[in-house]
Amino acid sequence: MAVPDLTVKRLGEATIDSPLSGVKFIPENSSVIYGKDADEVIREYNENGRLSAFEQAGPREKIYHDPAWTHAAILTAGGLCPGLNDVIKGLTRTLMVRYNVPIVFGIRYGYQGLIPSFGYEPMLLTPDSVDGIHEIGGTVLGSSRGRQDEVTMVETLKRMNIKILFCIGGDGTLRCAHDIAMEVERRGLNISVVCIPKTIDNDINFIDKTFGFETAVYATNSVISSAHNEAKGTPHGVGLIHVMGRDSGFIAAYATLANTHVNYCLVPEDAFSLYEGEHALLPSLERRLRERKHAVIIVSEGAGQHLFEEESSRRDKSGNVLHHNIGEFLHEKIVAWGKEINLDLSVKYFDPSYLIRSLPAHGTDAVFCEMLAQHAVHAAMAGRTDVVIGHWNDRFTHVPIPVATSSRKKIDINSSLWDSVKSVTWKCYR
């Protein structure tokens, strides 16, 4: 696959001495190689005489924005995700404590908060006001979906004298942030637009992980154990778990490896059938139930959409397709199959989706949120714009927003990850 242009936009030359002390500044030419396979790296260099690389994130010795005259704003958009409040706190503290930025606004209810007609007054954020928000789930700023007019939003930023806008969200949020950055550029304004990638599905491209994902996987553990207990508590018991994963099955795959009570892992990337063929679910399930007496199934929300008679025509306010409910569909099909083959089934259905996404961040996920926030502030103060903070090869990176939104990251079914999932699930289902 050809690597797109990874050059990050800058508002101008950084000429102001950073107020940070006691830190290791990142040189302006520091980069993180894109390639992870040695043979591919060598081949690219031999063919092009250079290597594709991300700009490395981190504090710079010279910054663009004068902290004393800088007003910043933070918004959260899209669905909830563990860690949103951690990022808000990290941004606020880094701006005000480390860089001495005097004013940080919290924009209410996503991009709607930048449209005056909605009537949402911004919040004034301070280190004291955000002190305990990391302990609660959701977002203290509120969120919304849907595109808003970038001309009106930039007018609002200009009126509020905002020099830095931080947008925390997924694919739709990033696209809207890009529209704002383009309008800012068209007007010749010096406003940095920096994004922190938020998606519980871990499906943003050119970024190896996003915050909230680890907490989501951790939170599935008790649900899987409960489904397993329910399934084993009766002959021919089935525990069926429906988790998020609109286009990518990373939550289901990692949850399966984290709690190996799961016998079937169904994801959008690996098509399956119900009755016939090598990947037929129900005949395999029958074999397992007759032999082992119980089974646990985890399914991503985007899996098995080809099994429905019609494609879904519904979309959310962000333009994402609202899939048919594969969990409820499988529940009905499994119950009906049991009657057809004269097997008395007990199917228990679990859907922890909203419980999982509204939790506070857990453990090292919270650490990751704080580090993302710090690197976002460093990037913004150095004058980077139209950029999202990424993570690649164990380094934090700057990724141009158009690159990050160019496609969705998906499970490679020929990868070691999927091999590991298959190795811990039911032997007949291959």
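Residue-level analysis places Leu91 among those that are hydrophobic (A, V, I, L, M, F, W, C), crowded, with 16+ Cβ neighbours inside 10 Å and in the same structural domain as Ala373 (by TED's automatic domain parsing).
Residue check: is Phe329 hydrophobic (A, V, I, L, M, F, W, C), touching a residue at least 60 places away in the same chain (Cβ under 8 Å) and surrounded by 16 or more Cβ atoms within 10 Å (Cβ to Cβ)? Can you show your working first?
Numbers: hydrophobic (A, V, I, L, M, F, W, C): yes; touching a residue at least 60 places away in the same chain (Cβ under 8 Å): no; surrounded by 16 or more Cβ atoms within 10 Å (Cβ to Cβ): yes.
Here the answer is no, as Phe329 does not meet what is asked.
On the stretch given as segment 221-248, residues that are under 20 Å from the mean Cα position of the chain (by Cα) and either farther than 21 Å from His323 by Cβ or modelled with pLDDT of 95 or more (or both) total 3.
From the list His178, His228, the one residue that fits, being part of a helix (DSSP H, G or I) and within 14 Å of Ala404 (Cα to Cα), is His178.
For every residue, the table says whether it meets (1) modelled with pLDDT under 95; (2) farther than 23 Å from Gln374 by Cβ; (3) under 16 Å from the mean Cα position of the chain (by Cα); (4) surrounded by fewer than 24 Cβ atoms within 10 Å (Cβ to Cβ).
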{"site": "Val87", "(1), (2), (3), (4)": "no, no, yes, no"}
{"site": "Arg98", "(1), (2), (3), (4)": "no, no, no, yes"}
{"site": "Val104", "(1), (2), (3), (4)": "no, no, no, no"}
{"site": "Ile115", "(1), (2), (3), (4)": "no, yes, no, yes"}
{"site": "Asp131", "(1), (2), (3), (4)": "no, no, no, yes"}
{"site": "Glu135", "(1), (2), (3), (4)": "no, no, no, yes"}
{"site": "Val151", "(1), (2), (3), (4)": "no, yes, no, yes"}
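Scanning segment 62-117 for residues that are in a loop (DSSP other than H, G, I, E, B) and hydroxyl-bearing (Ser, Thr, Tyr) yields Tyr64, Thr70, Tyr99, Tyr109. Test Pro19 against the stated conditions and say whether it is assigned to a loop (DSSP other than H, G, I, E, B), in contact (Cβ under 8 Å) with a residue 60 or more places away in the chain and of a type outside the set (Lys, Arg). Yes.
Residues checked against (1) surrounded by 12 or more Cβ atoms within 10 Å (Cβ to Cβ); (2) modelled with pLDDT under 95; (3) within 18 Å of Asp351 (Cβ to Cβ); (4) outside the structural domain of Ile341 (by TED's automatic domain parsing):
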{"site": "Arg287", "(1), (2), (3), (4)": "yes, yes, no, no"}
{"site": "Ile298", "(1), (2), (3), (4)": "yes, no, yes, no"}
{"site": "Gln305", "(1), (2), (3), (4)": "yes, yes, yes, no"}
{"site": "Ser318", "(1), (2), (3), (4)": "yes, yes, no, no"}
{"site": "Asn325", "(1), (2), (3), (4)": "yes, yes, yes, no"}
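Evaluated against (1) in contact with a helix residue (DSSP H, G or I) (Cβ under 7 Å, 6 or more places away or on another chain); (2) modelled with pLDDT under 95; (3) buried (at least 21 other Cβ atoms within 10 Å of the Cβ), Thr210 falls short on exactly one condition, (1).
Scanning segment 180-206 for residues that are under 9 Å from the mean Cα position of the chain (by Cα) and either among the acidic types (Asp, Glu) or surrounded by fewer than 20 Cβ atoms within 10 Å (Cβ to Cβ) (or both) returns Asp201, Asp203.
Yes or no: segment 408-417 includes at least one residue that is in contact with a strand residue (DSSP E or B) (Cβ under 7 Å, 6 or more places away or on another chain) and either of a type outside the set (Ser, Thr, Tyr) or not assigned by TED's automatic domain parsing to the domain that holds Gly239 (or both). Step through it out loud before you land on a result.
If we filter segment 408-417 for residues that are in contact with a strand residue (DSSP E or B) (Cβ under 7 Å, 6 or more places away or on another chain), which is where we start, we get 409.
In the following step, the residues that additionally are either of a type outside the set (Ser, Thr, Tyr) or not assigned by TED's automatic domain parsing to the domain that holds Gly239 (or both) were identified as 409.
Yes.
Quick test for you: out of Glu278, Glu291, pick the one residue that is at pLDDT below 95, over 30 Å from the mean Cα position of the chain (by Cα), in a helix (DSSP H, G or I) and surrounded by fewer than 15 Cβ atoms within 10 Å (Cβ to Cβ). Criteria check complete, one pass: Glu291. Note on segment 371-420: residues that are more than 20 Å from Tyr64 (Cβ to Cβ) and of a type in the set (Gly, Ala, Ser) total 7.
Considering segment 251-275, and only residues there that are in a loop (DSSP other than H, G, I, E, B) and among the hydrophobic types (A, V, I, L, M, F, W, C), the residue that is surrounded by the fewest Cβ atoms within 10 Å (Cβ to Cβ) turns out to be Ala271. Restricting Ile164, Ile196 to those that are under 24 Å from Ala14 (Cβ atoms) and touching a Phe, Trp or Tyr at 6+ places or on another chain (Cβ under 7 Å) reduces the list to Ile196.
Return a yes/no flag: does segment 118-129 have any residue that is part of a loop (DSSP other than H, G, I, E, B) and acidic (Asp, Glu).
Filtering segment 118-129 down to residues part of a loop (DSSP other than H, G, I, E, B) leaves 119-122, 126-129.
Then keep just the ones that are acidic (Asp, Glu); that gives 121, 128.
Yes: one or more hits.
You will find that of Pro352, Pro402, the residue that is over 30 Å from Pro19 (Cα atoms) and modelled with pLDDT of 95 or more is Pro402 and no other. Among the candidates Asp365, Asp419, which residue alone is surrounded by 21 or more Cβ atoms within 10 Å (Cβ to Cβ), of a type in the set (Asp, Glu) and assigned to a helix (DSSP H, G or I)? Selected residue: Asp365, the only one of Asp365, Asp419 that is surrounded by 21 or more Cβ atoms within 10 Å (Cβ to Cβ), of a type in the set (Asp, Glu) and assigned to a helix (DSSP H, G or I).
Filtering segment 303-316 for residues that are over 23 Å from Val421 (Cα atoms) and either within 21 Å of the chain's Cα centre (by Cα) or assigned to a strand (DSSP E or B) (or both) leaves a non-empty set. As for segment 20-34, it holds at least one residue that is loosely packed, with under 12 Cβ neighbours inside 10 Å, within 21 Å of Phe206 (Cα to Cα) and either assigned by TED's automatic domain parsing to the domain that holds Ala57 or among the small types (Gly, Ala, Ser) (or both).
Please pick out the residue among Val377, Val388 that is touching a residue at least 60 places away in the same chain (Cβ under 8 Å) and either in a strand (DSSP E or B) or loosely packed, with under 15 Cβ neighbours inside 10 Å (or both). Before you say what the answer is, go through the steps one by one.
Details: Val377 fails: either in a strand (DSSP E or B) or loosely packed, with under 15 Cβ neighbours inside 10 Å (or both).
Exactly one residue qualifies, and that residue is Val388.
The values are calculated or read from the model by the stated rules, or taken from the named source; none is laboratory data. As the structure is a prediction and not an experimental result, all values here were calculated from the model. Methodologically, a virtual Cβ is constructed for each residue, glycine included, from the backbone with ideal geometry; neighbour enumeration extends over all protein chains shown.
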